[in-house]
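Notes follow the structure.
Every number in this text was worked out from the coordinates using simple rules, so none of it is lab data. Worth saying up front: this structure is predicted, and the values here are computed from it rather than measured. Cβ placement follows ideal geometry from the backbone for every residue including glycine, while neighbour counts extend to all protein chains displayed.
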Amino acid sequence: IWNVLGAGAFVGANLVINPGPTTINGQFHVNGNINEVGVVDIEANGGAAATINIDNTTGVAPTAINLVSAVGGVLIEGGRASTTAVNIEATDAAGGVLIEAGTGGIELLTTGVITFNGGAATDFVVAVGDLTLQATTGDVLINSGSTDAGAIVLDAETIALGGIELKAGLDITL
């Protein structure tokens, strides 16, 4: 049941648009005011090629499309059995991806491989505390493709009291 409130405004429940497509011009609000799971649900079930697009074609702000949960979490879940189950892409040649977190940190968990590929010099910096590279059941390999005399540098002289300690259960080969 939908009622016209004037100036093109409607109020109602259980809106079904069939068969579609339908275009809504102007500002559009969806307010799910029932305290239950799935109160607002956008679903595409037309077949394997069905997609849902949220497209802002003119906004240029970092928040041009904003997913916000004021007091809860945000879950992005891909059910596809593929390495592309979830994609985050910055398609402009100068685009980047920023991930920020508070004191809870960032944790990446996988039962597969983690690969970081940088097209330029890359840093992993820890402002406070240790940086640990650990393989619990394999080797730790540090490999440089450079032919420079300083291809691999272990530097502990930034702080005058720093040192380098090598430990091995067997031999150390230099």
Practice item. Could you tell me whether Thr58 is under 30 Å from Val113 (Cα atoms) and within 24 Å of the chain's Cα centre (by Cα)? Key: no
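Quick check: is even one residue across segment 37-45 free of Cβ contacts under 8 Å to residues at least 40 places away in the same chain and surrounded by 10 or more Cβ atoms within 10 Å (Cβ to Cβ)?
Yes, the conditions are met somewhere in segment 37-45.
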Practice item. Have a look at Ala121, Ala93 and point out the one that is out of contact with any Leu (no Cβ under 7 Å at 6 or more places or on another chain), without any contact (Cβ under 8 Å) to a residue 12 or more places away in the chain, exposed (fewer than 10 other Cβ atoms within 10 Å of the Cβ) and under 28 Å from Ile65 (Cβ atoms). Key: Ala93
